[in-house]
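Asks: Please find one structure pasted underneath; my questions will follow.
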Amino acid sequence: MNNSQFYYPRPANEPIMQYSEGTPEQKALEKEIEKHSNQQIEIPLIIGGKEIFTGKTAKVVSPHNHKQVVAIYHQATEKEVKMAIDAAMNAHNYWASLSWIERVSIILKVADLISGKYRFLVNAVTMVGQGKNAYQAEIDSVCESIDFLRFNAHYVSEIYNDQPHSESGNLNRIEYRPLEGFVFAVSPFNFTAIALNLVLAPVILGNTVVWKPASTSLLSNYYLMQIYKEAGLPDGVVNFVPGSGSMVGDIVLKHKDLGGVHFTGGNSTFNHIWKNIAMNLENYKSYPRIVGETGGKDFVFVHPSADVKEVSTALVRGAFEYQGQKCSAASRAYIPKSLWEPIKKQMAVNLSLVKQGDVKDFCNFVNAVIDEKAFDNIMGYIEKAKNSKDAEIVFGGKGDKSKGYFIEPTVVLAKDPHFTTMEEEIFGPVLSIYVYEDEDFEKTLELCNETSPYGLTGAIFSKDIYARTKACQILRYAAGNFYFNDKPTGAVVGQQPFGGSRQSGTNDKAGSYLNLLRWISPRTIKETFTPPTDFRYPYMHEKKCDC
Ligand code: NAP
């Protein structure tokens with residue numbers, strides 16, 4: 001029995017590889033991209049460590065070349081969903097009773113495998129399957145994944161070390177139990193690292209998981225499962241169940257042993273899940289923990305004192321990186337009249353340099369959106385803007401889905417600050433701009449605060465400290481991640497814990513100890529060294545008392 005005390009110190013963030021022209025890392029990555037673009041794999045379900053081929057299949061295609069089928073995946077039926085829950089429950093006791101040091105060692109091995117042996121593979125399958133360019137894949141699937149794992153190891157040490165005070169005569173302890181039940185992890189398509197963290201954050205604390213991955217990110221998500229296995233994660237701790245979200249969800253959410261839901265995705269999906277849980281409250285052994293990060297309508301607010309080049313750069317990067325398919329993407333901007341013309345001019349220069357196309361060409365800054373449904377939905381918003389008297393397309397506006405789902409970076413000038421594209425999450429490369437009168441700075445901050453139901457990310461650009469402070473006050477609840485003179489995307493684990501409130505989620509801050517606290521059910525234990533042997537208290541021995 002190893003009785004050493006362990007403490008995992010605060011790690012450094014994983015350095016980002018740049019993949020510059022001619023470097024060995026660029027060559028290694030290109031080789032992997034080629035391989036995964038030109039082969040077709042079969043993706044089974046993985047339940048209790050066993051691969052299951054249901055025969056009910058669907059295709060995984062590359063967003064930039066939808067004729068390219070890179071995998072065929074098997075979908076769960078009701079039977080496999082029930083098997084996955086049983087497998088998670090069977091593994092629960094073994095996994096929960098294992099020393100936390102052993103659990104953390106597996107997690108850290110996953111991080112090492114992604115950092116070294118499988119770095120280019122994880123990047124390549126994220127690029128081929130989810131349509132990210134090399135840099136976007138590197139900061140997500142490699143660096144953020146590794147950071148989640150290493151920082152969580154550190155936070156777990158801190159949490160477990162936190163013990164209550166004891167007076168003389170007794171000893172108090174807190175046992176940080178995992179939840180009594182399994183965790184249902186439901187991941188979105190847009191970040192491989194989020195899929196990893198939704199699953200492995202509860203796992204590091206001794207929970208077991210039924211994982212419903214997004215149907216459009218299965219290529220990278222399947223390889224994650226392979227890496228977990230190689231790192232030594234025991235069978236049944238994570239059960240991989242691709243399939244229809246509503247079918248899988250409806251069965252899992254009714255189960256009496258549902259311990260918690262760890263979700264990231266759209267707001268309406270999360271509302272559906274929460275309502276489903278509410279309907280089943282009487283059936284559960286424990287109240288399930290519900291952690292969900294959902295959509296955003298993230299803003300960049302510009303004060304007249306801001307720098308034009310800084311703002312234009314932030315708008316182009318913040319709105320169009322990964323085709324605007326980030327929950328944090330800048331999707332509305334408020335610009336003072338005095339700066340609009342110079343900002344527009346600078347954006348025209350920037351956008352003329354933006355190249356769009358296949359992920360294989362490293363010159364491309366913008367690639368394709370995830371699938372046809374997303375393409376049609378985004379183009380629908382652009383058409384609305386084209387046909388409205390309240391809006392004007394300033395840049396872009398065209399889409400082409402003949403080979404891949406390509407939409408030009410599009411900027412809409414909204415004459416009405418409540419025009420649809422200023423209010424609703426579009427989740428594509430569309431930025432809406434409202435130009436305000438300079439003297440209406442405060443009034444427009446109020447407008448920004450009240451325009452959208454979300455509260456995820458936002459930014460203020462200002463060289464004037466009073467203006468910035470005012471924005472920070474008025475927009476207090478408008479964003480859970482707020483930026484001064486920076487784009488509203490690109491939160492780094494351990495530096496800017498991520499999450500928002502209002503309709504953007506439960507704000508449990510992925511990549512911080514706050515999230516991990518949701519996956520434990522602490523038990524307090526008091527030990528009394530010399531228990532009393534007389535029930536009477538001293539006051540009862542006084543003379544006047546006749547007892
Ligand atoms: P989505 O359509 O809501 O899907 C998310 C996941 O839920 C997928 O695995 C999906 O499966 C599954 N699902 C669908 N219906 C379900 C149901 N009834 N029960 C259980 N699961 C169900 O979202 P997405 O398109 O993948 O991701 C985009 C959204 O995620 C955007 O709104 C974005 O803002 C948000 N997001 C938020 C954050 C954040 O941290 N706040 C981060 C990333 C993304 P299928 O794929 O099979 O439909």
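The values are calculated or read from the model by the stated rules, or taken from the named source; none is laboratory data. All of these numbers come straight from a predicted model, not from anything done at the bench. All Cβ positions, even for glycine, are placed from backbone atoms using ideal geometry, and neighbour counts span all protein chains on display. Ligands, DNA and RNA are excluded from the accessible area calculation, which covers all protein heavy atoms including side chains. Shrake-Rupley method; radii C 1.70, N 1.55, O 1.52, S 1.80 Å.
Asks: Loop only by DSSP, 16 or fewer other Cβ within 10 Å of the Cβ. Give me the trypsin sites (Lys or Arg not before Pro) in the range 239-316 that pass, ordered by residue number.
Replies: K254, K256, K285
Asks: By its C-alpha gyration tensor, with a ≥ b ≥ c as the square roots of the eigenvalues, how is the range 427-490 shaped: rounded for a/c under 1.5, else prolate for a/b larger than b/c, else oblate?
Replies: Details: a/c = 1.41, a/b = 1.24, b/c = 1.14.
Rounded, because the longest to shortest axis ratio a/c is under 1.5.
Asks: State to the nearest 20 debye the size of the charge dipole of the chain about its Cα centre, where the only charges are +1 on K and R beta carbons and -1 on D and E beta carbons. Don't jump to the answer; show the numbers that get you there.
Replies: Values: 57 positive and 61 negative charges, 115 e Å.
Around 560 debye, computed over the chain.
Asks: Got the relative contact order for the chain handy, in percent, Cα pairs under 8 Å and 6 or more residues apart?
Replies: Worked out over the chain, it gives 17 percent.
Asks: Could you compute how much accessible surface L456 exposes when probed at 1.4 Å, giving the result in Å² to the nearest 10?
Replies: 0
Asks: So how much slack lies between K401 and E437, counting 0.36 nm per residue of separation and subtracting their Cα-Cα distance, in nm?
Replies: Net length gain for the segment: 9.1 nm.
Asks: Are any of the pairs K212/K401; K132/K355; K309/K463; K326/K403; K59/K212 more than 21 Å apart by Cα-Cα distance, and if so, which?
Replies: K212/K401; K326/K403
Asks: Still on this structure, please answer the following. Counting only residues 5 or more places away or on other chains, whose amide H sits under 5 Å from the amide H of S504 once H atoms are built in the peptide plane?
Replies: G455
Asks: Hey, another quick one. Using r as the Cβ-Cβ distance of E230 and T469, and R0 as 41 Å, what FRET efficiency do you calculate, to the nearest 0.05?
Replies: Efficiency computed from Cβ-Cβ geometry: 0.20.
Asks: For the chain, take the longest principal axis of its alpha carbons; what is the angle in degrees between that and the long axis of helix 267-279, to the nearest 10 within 0 to 90?
Replies: 30
Asks: OK, next. State to the nearest 20 debye the size of the charge dipole of the range 298-484 about its Cα centre, where the only charges are +1 on K and R beta carbons and -1 on D and E beta carbons.
Replies: Numbers: 22 positive and 27 negative charges, 86 e Å.
With Lys and Arg at +1 and Asp and Glu at -1, about 420 debye.
Asks: When the Karplus curve 6.51 cos²θ - 1.76 cosθ + 1.60 is applied with θ = phi - 60°, which whole-Hz ³J(HN,Hα) does each residue of the range 248-262 get, with x for Gly and Pro?
Replies: 3J(HN,Hα) across the range 248-262, in whole Hz: 4, x, 4, 6, 4, 5, 8, 6, 5, 8, 4, x, x, 10, 10.
Asks: Oh, and also: With a cap of 15 neighbouring Cβ atoms within 10 Å, and only residues DSSP puts in a loop, list the trypsin sites (Lys or Arg not before Pro) found in the range 411-492.
Replies: On the way: sites: K415, K443, K463, R468, K470, R476; in loops: K415, K463, R476.
Counting only loop positions with at most 15 other Cβ atoms within 10 Å, the trypsin sites (Lys or Arg not before Pro) in the range 411-492 are K415, K463, R476.
Asks: Let me ask something additional. Using a 7 Å offset from the Cα along the Cα-to-Cβ direction at both M540 and E450, what is the distance between the two label points in nm, to one decimal?
Replies: Calculated label separation equals 6.4 nm.
Asks: Loop only by DSSP, 16 or fewer other Cβ within 10 Å of the Cβ. Give me the GluC sites (Glu not before Pro) in the range 19-97 that pass, ordered by residue number.
Replies: Passing both the DSSP loop test and the Cβ count: E21.
Asks: With 46 Å as the cut-off, how large is the P(r) tail for the chain, expressed as percent of Cα-Cα pairs?
Replies: Numbers: 26533 of 149331 pairs.
Value for the chain (Cα pairs over 46 Å): 18 percent.
Asks: Got the relative contact order for the range 298-484 handy, in percent, Cα pairs under 8 Å and 6 or more residues apart?
Replies: Reported as a whole number, the value is 28 percent.
Asks: Right, here's the next one. Under the rule of -39500 (n - 2.57) per DSSP H run of 4 or more residues, summed and divided by the residues of the chain, what mean residue ellipticity at 222 nm is obtained, to the nearest 500 deg cm²/dmol?
Replies: Calculated at 222 nm, the ellipticity per residue is -11500 deg cm²/dmol.
Asks: While we're on this one: So for the pair S268, I525, with labels modelled 7 Å out along Cα→Cβ, what separation do we get in nm?
Replies: According to this spin-label approximation, the distance is 4.9 nm.
Asks: In degrees, nearest 10, range 0 to 90: what is the angle between the Cα axis of helix 465-474 and the longest Cα principal axis of the chain?
Replies: 60
Asks: Continuing with the same structure: Assign one of three labels to the range 249-399, namely rounded, prolate or oblate, based on the Cα gyration tensor with a ≥ b ≥ c the square roots of its eigenvalues; rounded applies when a/c is under 1.5, prolate when it is not and a/b is larger than b/c, and oblate otherwise.
Replies: Prolate shape, in that a/c is at least 1.5 and a/b is the bigger ratio.
Asks: Now, a different point. Across the range 57-74, in residue order, what do the Karplus-derived ³J(HN,Hα) couplings come to in whole Hz, using 6.51 cos²θ - 1.76 cosθ + 1.60 with θ = phi - 60° and x for Gly and Pro?
Replies: Rounded to whole hertz, the list is 10, 8, 9, 10, 10, 7, x, 8, 7, 6, 7, 7, 8, 9, 6, 10, 10, 8.
Asks: Ignoring ligands and nucleic acids, what accessible area does W340 show with a 1.4 Å probe (Å², nearest 10)?
Replies: Surface accessible to solvent at W340 totals approximately 20 Å².
Asks: Net charge near C363: determine it from the other residues with C-beta under 12 Å of the C-beta of C363, scoring Lys and Arg +1 and Asp and Glu -1.
Replies: Here the charged neighbours net out to -1.
Asks: Another question, then. To test your reading of the geometry: what angle, between 0 and 90 degrees and rounded to tens, separates the Cα axis of helix 145-161 from the longest principal axis of the chain?
Replies: Taking the Cα atoms of the chain, the angle to 145-161 is about 30 degrees.
Asks: Just need the relative contact order of the range 393-547 here, percent rounded to a whole number, with Cα pairs under 8 Å and 6+ apart.
Replies: This gives 13 percent for the range 393-547.
Asks: Additional query: Not counting ligands, DNA or RNA, and with a 1.4 Å probe, what is C363's accessible surface area in Å² rounded to the nearest 10?
Replies: 90
Asks: In what sequence, largest accessible area first, do R103, R150 appear using a 1.4 Å probe?
Replies: R150, R103
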